[in-house]
Structure formats: C-alpha cells, structure tokens
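K.L.:
Sharing a structure with you now.
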Amino acid sequence: MRIFNLPKTQANLEKYGNFPYLFQHPKKIFLVDNSSYNYCNDLNQGIPVLSYFGESPLDKELKKLGDYLKCLAEADKIGLDIIQINRK
C-alpha cells in the first residue's frame, strides 16, 4: 500500500481525507485502477476497471464500479470478509 507523506494541514485533511483510517482499517481499503501494476503488490485489494471517458452513453464503467462497491459495503455490514469476496 502506498501512503504519501502529506503535511497534516486542515486543507489536506479536507482534500485527501482522514489518513489514520487507512491504518486502523487496512482490510477495508481497495485500490481502484485501470492499470493493474498500480496494485500488483496487493492483488487481493485491487479492483480493476476499464478506462472511463464519460463521453459515450455506452460507457457504464463508473455505474458498474458503484454497484460493486455497494455490494462490498453490504457484505461488510453483515460481517463477511470483503477481501475474500473481492478475490473472486
């Protein structure tokens, strides 16, 4: 997992979120990218996506990703291992 060392300013917290969450819940963090080499060190937590350009009404990649992430969130709520689910 890559963590960038940003100064802990209010602006960075607002822009990038709460980094301590990453360390408290590493099994709930997924890397979404169209290039698998960006998460090749941790394939179990990588979610491959096709490139999204948003120019075509046929481009449904973000919709599919949203549906998939909702399924993972629901599985997590009932106590399932979302890393195991993502492996499939």
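Here, each number is a calculation from the coordinates, and none is a lab measurement. Being a predicted model, the structure only gives us computed values, none of them experimental. Don't worry about glycine lacking a Cβ; one is built from the backbone with ideal geometry, like all the others, and counts go over all protein chains shown.
K.L.:
Residues of the stretch 50-68 being within 15 Å of VAL32 (Cα to Cα) and out of contact with any strand residue (DSSP E or B) (no Cβ under 8 Å at 6 or more places or on another chain), which ones?
P.N.:
Matches in the stretch 50-68: LEU50, SER51, TYR52, GLU61, LEU62, LYS63, LYS64, GLY66, ASP67.
K.L.:
Here is a follow-up. Return the total of residues in the stretch 44-88 being loosely packed, with under 13 Cβ neighbours inside 10 Å and among the acidic types (Asp, Glu).
P.N.:
Total satisfying the criteria: 4.
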